[in-house]
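A quick write-up on the structure given underneath.
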Amino acid sequence: MVVLWDIDGTLVQSSLERHFFAYVREHHYRISISRTVLHMLRLGLSSWPPMWHKMKLAYLRGLPAAEVSDLFERCWSERIERCLFAGTIEAVRLLRERRVRQVLLTGGPRTLAARLARHLQLDDLVAADPVLVDERYTGAVTQPHPRGRRKVRFAETWLRDNGFGWRPTVAVGNHFDDRFLLERASTAIVVNPDRRLASLAQSRGWEQFDPRPIESGGRLAEHILAAARETTVM
């Protein structure tokens with residue numbers, strides 16, 4: 001069995017990158033917002049539709065990789081760590097103890113997502129790899145954001161490369177854009193959903209969980225294990 005975890009809004013409040021950008025702004029770090037906007041406009045106007053992965057990290061453009069890594073670490077300890085959802089984090093821990101293979105799927109920067117993966121003691125991560133030139137950020141990542149149908153393709157590539165199929169898989173998400181992955185997996189679980197996903201989950205009979213209380217972690221983990229057993233028998 002493989003569990004495919006969304007990160008933003010599922011394991012952490014808001015998103016990793018929003019937390020990081022806010023942290024950078026709050027600490028008056030030396031990023032030029034005007035330079036960032038101009039860079040994004042230039043790239044957006046030079047290709048249509050805009051190639052957003054070419055400008056995703058525009059606010060980090062020109063910064064040394066080592067400096068950004070230090071910023072990520074400080075942001076994690078001072079801001080992000082306290083914004084993790086206790087329930088879903090507990091579910092990850094319980095499933096890890098049962099040796100369930102778990103994959104984190106995000107469009108956020110790999111360095112930041114990898115810090116979460118280390119905290120969760122998980123080895124498998126699909127994230128955005130920044131493009132560096134002379135060990136400095138260019139503002140681009142190597143491939144488009146894994147969202148919507150693209151998230152299914154990213155998951156499918158990981159499953160194939162690691163010798164798994166789609167049965168049994170469990171997908172956990174919170175946003176309406178996650179619906180394609182949720183529909184493709186053997187079992188769909190929704191946590192902290194937006195309004196449209198909550199409505200879809202109700203119509204499809206997908207289980208919904210509150211990720212905040214730690215007590216929900218045990219129920220979520222047991223539901224995942226039971227769903228996997230049922231899928232395997234079918």
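The values are calculated or read from the model by the stated rules, or taken from the named source; none is laboratory data. Since we're looking at a predicted model, the values are computed, not measured. All Cβ positions, glycine included, derive from the backbone under ideal geometry; neighbour counts span all protein chains shown. Quick note on the areas: whole protein, heavy atoms, side chains included, nothing else; ligands and nucleic acids left out. Shrake-Rupley method; radii C 1.70, N 1.55, O 1.52, S 1.80 Å.
Points to keep in mind about this one:
- Candidates in the range 47-62 are the residues that are among the aliphatic types (A, V, I, L, M) and surrounded by 20 or more Cβ atoms within 10 Å (Cβ to Cβ); of these, the one that is modelled with the lowest pLDDT is Met55.
- No other residue among Ser203, Ser216 is among the hydroxyl-bearing types (Ser, Thr, Tyr) and touching a residue at least 60 places away in the same chain (Cβ under 8 Å) apart from Ser216.
- Hits in the range 122-142 - residues which are among the hydroxyl-bearing types (Ser, Thr, Tyr) and either closer than 14 Å to Thr111 by Cα or without any contact (Cβ under 8 Å) to a residue 60 or more places away in the chain (or both): Tyr137, Thr142
- Residue within the range 127-136 that is within 26 Å of Glu183 (Cβ to Cβ) and not aromatic (Phe, Trp, Tyr) present: yes
- Residue within the range 71-83 that is surrounded by fewer than 18 Cβ atoms within 10 Å (Cβ to Cβ), out of contact with any Asp or Glu (no Cβ under 9 Å at 6 or more places or on another chain), hydrophobic (A, V, I, L, M, F, W, C) and modelled with pLDDT of 95 or more present: yes
- Only strands (runs of 3 or more DSSP E) whose full extent lies in the range 120-234 are considered here, and the ones with at least 1 residues that are open to solvent by 50 Å² or more (accessible area, probe 1.4 Å) are 130-133, 136-141, 207-209.
- Here is the figure for the range 144-162: residues that are free of Cβ contacts under 8 Å to residues at least 40 places away in the same chain, more than 13 Å from Asp178 (Cβ to Cβ) and out of contact with any Lys or Arg (no Cβ under 9 Å at 6 or more places or on another chain) total 4.
- In the range 101-119, the residues that are surrounded by 18 or more Cβ atoms within 10 Å (Cβ to Cβ), modelled with pLDDT of 95 or more and not in a helix (DSSP H, G or I): Gln102, Val103, Leu104
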